[in-house]
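Only one structure is covered here, and it is reproduced in the block below.
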Amino acid sequence: MDFDAAFDRWLDRHAENGSAAAHFLNPPADPSVLDAAEARIGFALPADLRRLWLRADGQQDIFTIADPAPGRVLCPLFGTYSFLSVQDALTTYQGWLDIWDGGGPDFDESFNGEAHVQRRGDDPVHREYWRPGWLPFSDDNGNAYAVDLAPAPGGTIGQVIVIGPDEDLRRVLAPSITDFLADAARRLRAFGRSSGERPILYFDLEGRASAA
């Protein structure tokens with residue numbers, strides 16, 4: 001399955017669950033913005049990440065949308081993780097890079113210690129808190145789904161991983177964003193609903209809920 005087919009199926013699955021996610025996506029990013037992003041981080045963007053941002057430059061903040069119409073519920077695009085714009089992704093990346101640079105030789109001891117970061121089995125991802133090349137495309141209160149542009153031996157450039165202050169288990173969720181979306185669409189199921197005024201629904205992309 002190519003990226004566009006996977007992304008369209010992903011949006012269709014949201015619609016089937018009452019979310020008009022496509023309606024709340026931002027306009028596409030300009031290709032020049034993606035070229036500038038590559039120059040800024042020093043890594044080439046995977047083709048499907050470029051395609052993702054060329055389809056939409058992130059999503060509207062669901063917590064500021066008063067009415068979910070034409071759908072019935074609002075939801076982050078990636079389960080519990082909101083889809084970041086290119087600029088927000090770069091801002092988040094730079095924040096981590098500043099911490100990494102500031103930590104210098106003490107970063108490993110402070111953040112990567114055995115008591116902090118683990119790796120799931122033989123997943124080909126570095127057992128580190130953060131490293132250059134981990135670019136987020138989504139966010140949930142500082143935690144993120146990210147593309148790994150500097151994978152461990154045996155890994156794939158562009159594989160999707162989980163990072164963040166509440167995520168101490170480094171694991172590979174999919175070898176690419178395309179595979180991540182295709183797999184998520186096959187097993188999309190509700191994870192929880194907000195109890196506030198806005199009808200916000202979250203979806204399980206990591207097997208938290210029991211299989212349907």
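Count the net charge of all other residues whose Cβ sits under 13 Å from the Cβ of residue 37, scoring Lys and Arg as +1 and Asp and Glu as -1.
Neighbourhood net charge equals -3.
In nm, to one decimal, how far is the residue 36 label point from the residue 187 one, both placed 7 Å along Cα→Cβ?
For residue 36 paired with residue 187, the spin-label model returns 4.0 nm.
Take each of the peptides 199-205, 36-42, average the number of other beta-carbon atoms within 10 Å over its residues, and list them starting from the highest.
199-205, 36-42
Got a number for carbon plus sulfur as a percent of the chain's accessible area, 1.4 Å probe?
Percent of accessible area from carbon and sulfur atoms in the chain: 50.
Could you give the semi-axes, largest first, of the ellipsoid that matches the chain, computed as the square roots of 5 times the alpha carbon gyration tensor eigenvalues and rounded to whole Å?
Ellipsoid semi-axes (Å, largest first): 28, 20, 17.
Angle between the Cα long axis of helix 3-16 and the longest principal axis of the chain, 0 to 90 degrees, nearest 10?
50 degrees
Give the dimensionless ratio obtained when the Cα radius of gyration of the range 1-64 is divided by 2.2 N^0.38 Å.
1.25
Rolling a 1.4 angstrom probe over the protein heavy atoms, how many square angstrom per residue are accessible across the chain?
46 Å²
Give the whole-number value, in cubic angstrom per residue, of the convex hull volume spanned by the C-alpha atoms of the range 16-97.
With only Cα atoms used, the range 16-97 gives 102 Å³ per residue.
For the chain, what is the relative contact order in percent, using Cα pairs closer than 8 Å and at least 6 residues apart in sequence?
21 percent
The values are calculated or read from the model by the stated rules, or taken from the named source; none is laboratory data. Because the structure is predicted, anything quoted here is derived from the model rather than measured. Cβ coordinates were reconstructed from backbone atoms using ideal geometry, including for glycine residues, and neighbour counts include every protein chain displayed. Just the protein is used for accessible areas: all its heavy atoms, side chains included, with ligands, DNA and RNA removed. Shrake-Rupley method; radii C 1.70, N 1.55, O 1.52, S 1.80 Å.
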